[in-house]
Amino acid sequence: MKNQLLTLTLCLLISGFSTLTAAQQLLLTNGTLLDPSDKSSTKQHLLLDQSGIIARLDSIPADFTGQQLDISGKFVIPGLIDMHTHAFGNRAPHSQSETMGPAAAAQVVLHAGVTGFVDLFGNEEQLFEHRRLQHSGLIAGADIYTSLSCLTAPGGHCSQFGKTRTIANEDEAKQHIRELAAKQADVIKLVSTLGGRLPSLSPELLKTAADEARKQGIKTIVHIHTLADIDSAIAAGVDAITHLPDDAVITADLAQRLATYKVVVIPTLACDTDEYEFMFSNVLQATLAQKVAAPRIIAGYQKAASEMTPQQKQQAKQRMDKYYQSIKNLIAADVVLLTGTDAGNYGTLQGFTVHREMEKFVAAGLSNWQALASATSAARQFLAKPAGLQPGAQSSLVILNGSPVDNISNSQQIFAVIHQGKLVN
Ligand SMILES: [Zn+2]
């Protein structure tokens, strides 16, 4: 009843002054709206424009003059977000690579239904510039969010891939974060690799950095490598960790502590487990994979598969089992998981791997609704953006031929993508 009243009110409002703005409006008719933020499935018409979702309607206003798209039998979900990528492109065995950069990656991933991504380290100047061009309306594509840089110990992880910011003491930690805040970094990325081969930020410096980021109002995401890094991240009071530990499985007790301290996890499970599946299953035969990746990338995996020894295959499988066990314990403790691909690495494809991450979350025990939330509403909440499919939310959507609530792999059955109120061609 409340919904009907709201609809009536909105209809009246629309019929009153819609003619001025109707040209920019888009009305999606007869679809089923799947909103992961409240797990609702509703057959309603959806009215939107560039600024966001305007209304959910039970009937089509008689005098509506904007664009209409009949999506009978289709399903609408919010646009997907990749919470951990490196937009330089795709990489495959046998030195195959496909170079993109943030501006090109933003175009490619849109076709996989990914309407926003968080680049967690690349070329700082390029990331800053491409994001600026996008904010100015000069380049299109999925919304670019970025940490701009990767804050690590001198010689630590990230520095092997190119120029990055390093922290040797408290003053440097504060200085870098103030500079990144001035450049409006969307998140701060920190690196902890205790017990690893490369130098790591100490627990003390991690805490100094996390405190300064909080002061600047920016969320922190920590690259972790071991269980000790997770302890260090919890003690530092960070907002999220990314990756799963290499040295051991996350225990039920540790998972519970992550939940208690509300630390979000971006596990990049597909990055850790899909290199094997790219070689030994039909994953890369998927229509969507073939659409977004260059043929030479796919061929690189096929060639590598033919060269792997039975022993190497066995080792790869054992590693996969360990990661799945960590995820199961995180799910059992109700830790918030977000989809991040770590694309740019082996076993990933820009955009496509968000779908793989959701499938793997479901295989590990997350419900389809929760997996959808991990890529949509929960990710938007982390980025402090309005979530879901209610009026006021972002008008970036994916229209699917099948329901991902019935089968999560239907997220790949893309009928159309809408980015900021506009149909993507
Ligand atoms: Zn990464």
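The values are calculated or read from the model by the stated rules, or taken from the named source; none is laboratory data. Just so it is clear, the model here is predicted, and its values are computed rather than measured. Positions of Cβ are generated from backbone atoms using ideal geometry, with glycine treated the same way; all protein chains shown enter the neighbour counts. For the accessible areas, the whole protein counts, side chains as well, though only heavy atoms, and no ligand, DNA or RNA atoms are used. Shrake-Rupley method; radii C 1.70, N 1.55, O 1.52, S 1.80 Å.
Hey, can you tell me all the residues within the range 278-295 that are surrounded by 14 or more Cβ atoms within 10 Å (Cβ to Cβ) and either within 16 Å of residue 99 (Cβ to Cβ) or outside the structural domain of residue 89 (by TED's automatic domain parsing) (or both)? Scanning the range 278-295 gives 292, 293, 294.
Within the range 388-401, the residues that satisfy the criterion of being open to solvent by 10 Å² or more (accessible area, probe 1.4 Å) and either more than 30 Å from residue 188 (Cβ to Cβ) or out of contact with any strand residue (DSSP E or B) (no Cβ under 7 Å at 6 or more places or on another chain) (or both) are 391, 401. Restricting attention to the range 332-343, does a residue exist that is of a type in the set (D, E, K, R) and over 18 Å from residue 71 (Cβ atoms)? Taking every residue of the range 332-343 in turn, at least one turns out to be of a type in the set (D, E, K, R) and over 18 Å from residue 71 (Cβ atoms). Contact map, the range 345-365: first residue of a type in the set (S, T, N, Q) and open to solvent by less than 10 Å² (accessible area, probe 1.4 Å), second residue within 16 Å of the ligand (Cβ to nearest atom) and in a helix (DSSP H, G or I), Cβ cut-off under 6 Å, separation 6 or more or different chains; pairs are 348/271; 350/105; 350/109; 353/270. Given the structure, is residue 54 open to solvent by less than 10 Å² (accessible area, probe 1.4 Å), modelled with pLDDT of 95 or more and of a type in the set (Val, Ile, Thr)? Spelling it out, it is not the case that residue 54 is open to solvent by less than 10 Å² (accessible area, probe 1.4 Å), modelled with pLDDT of 95 or more and of a type in the set (Val, Ile, Thr). Considering the range 191-219, the residues that are among the β-branched types (Val, Ile, Thr) and within 15 Å of the ligand (Cβ to nearest atom) include one that is farthest from the chain's Cα centre (by Cα), namely 193.
For every residue, the table says whether it meets (1) out of contact with any Lys or Arg (no Cβ under 7 Å at 6 or more places or on another chain); (2) crowded, with 20+ Cβ neighbours inside 10 Å; (3) free of Cβ contacts under 8 Å to residues at least 24 places away in the same chain.
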position: 27; (1), (2), (3): yes, yes, no
position: 69; (1), (2), (3): yes, no, no
position: 76; (1), (2), (3): yes, yes, no
position: 86; (1), (2), (3): yes, yes, no
position: 96; (1), (2), (3): no, no, no
position: 106; (1), (2), (3): yes, yes, no
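Restricting the first member to the range 368-396 and to residues that are polar (S, T, N, Q), and the second to residues that are in a loop (DSSP other than H, G, I, E, B) and open to solvent by 30 Å² or more (accessible area, probe 1.4 Å), the beta-carbon pairs closer than 7 Å and six or more apart or on different chains are 368/405; 377/37; 394/385; 394/386; 395/50; 395/420; 396/420. Give the number of residues within the range 35-54 that are touching a Lys or Arg at 6+ places or on another chain (Cβ under 9 Å), assigned to a strand (DSSP E or B) and within 16 Å of residue 385 (Cα to Cα). Adding up the residues that qualify gives 0.
Residues are listed down the side, and each one gets a yes or a no for (1) part of a helix (DSSP H, G or I); (2) touching a residue at least 40 places away in the same chain (Cβ under 8 Å); (3) not assigned by TED's automatic domain parsing to the domain that holds residue 86:
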| residue | (1), (2), (3) |
| --- | --- |
| 125 | yes, no, no |
| 130 | yes, no, no |
| 134 | yes, no, no |
| 138 | no, no, no |
| 144 | no, yes, no |
| 148 | no, no, no |
| 163 | no, yes, no |
| 173 | yes, no, no |
